[in-house]
Amino acid sequence: MLLMKKNVSVAIRPFRATDSAQVQTLLSDVRVARTAGNIPYPYPKNGAQAWIASHGAQHRSGTAIIRAIICLQDDQCIGAISIDQRSRGLNGSGNLGYWVGVPYWNKGFCEQAGQLMLALATKEFAMMRLVAAHRIDNPASGRVLEKLGFNELEPQRMTNLSGQYLFRCYEKWL
């Protein structure tokens, strides 16, 4: 399903195997790994192909909703947005995460994809609450979360693939 709203330049959709070369290129940039905090660097050879192949099982098990962020201008995959650590039921919740490749930074793509993902989370998955975090040295991600209506919680120490960093944590009731 391609999800779009008026006056946006992005859509979100499930990843396709054909997205793997573009994802591999975008995630091979150390700057993406540095800002995301959970992407290994160097990015493993064929890492994108394996990652995309894992989405079906995560979707079937209900643990994650993972979508490609597509630039409508050229129909190119420019990043990813996901909700993982999903809990289901009346108080369904999850953890929102996103990244875009460096050429697409600071152009509003994450905010637009976030709006689409929030709509998907509430309408198709009946989620009630989302949490999110960003590295303290990535204030642009905090601005995205604030524009999406997330409220900041107390800063916390969290461990990621690269060690420990101070993160700003947010939540949003849907």
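The values are calculated or read from the model by the stated rules, or taken from the named source; none is laboratory data. Just so you know, these numbers come straight off a predicted model, no measurement behind them. Positions of Cβ are generated from backbone atoms using ideal geometry, with glycine treated the same way; all protein chains shown enter the neighbour counts.
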Check whether at least one residue in the range 40-49 is in contact with a Gly (Cβ under 6 Å, 6 or more places away or on another chain), buried (at least 22 other Cβ atoms within 10 Å of the Cβ) and not polar (S, T, N, Q), and report yes or no. no
Taking HIS134 and the conditions (1) under 14 Å from the mean Cα position of the chain (by Cα); (2) closer than 26 Å to GLN76 by Cα; (3) modelled with pLDDT of 95 or more, which numbered condition does it fall short on, given that it satisfies the others? (3)
For the range 34-59, the count of residues that are assigned to a loop (DSSP other than H, G, I, E, B) and touching a Lys or Arg at 6+ places or on another chain (Cβ under 8 Å) equals 2
Here is a list of conditions, (1) in contact (Cβ under 8 Å) with a residue 60 or more places away in the chain; (2) part of a helix (DSSP H, G or I); (3) surrounded by 13 or more Cβ atoms within 10 Å (Cβ to Cβ); (4) in contact with a helix residue (DSSP H, G or I) (Cβ under 6 Å, 6 or more places away or on another chain), and ARG31 meets all of them except one; can you say which number that is? (3)
In the range 139-157, what residues are at pLDDT below 95, charged (D, E, K, R) and within 16 Å of ARG129 (Cα to Cα)? GLU152
What are the residues in the range 49-81 that are among the hydroxyl-bearing types (Ser, Thr, Tyr) and more than 16 Å from GLY97 (Cα to Cα), if any? SER54, SER61
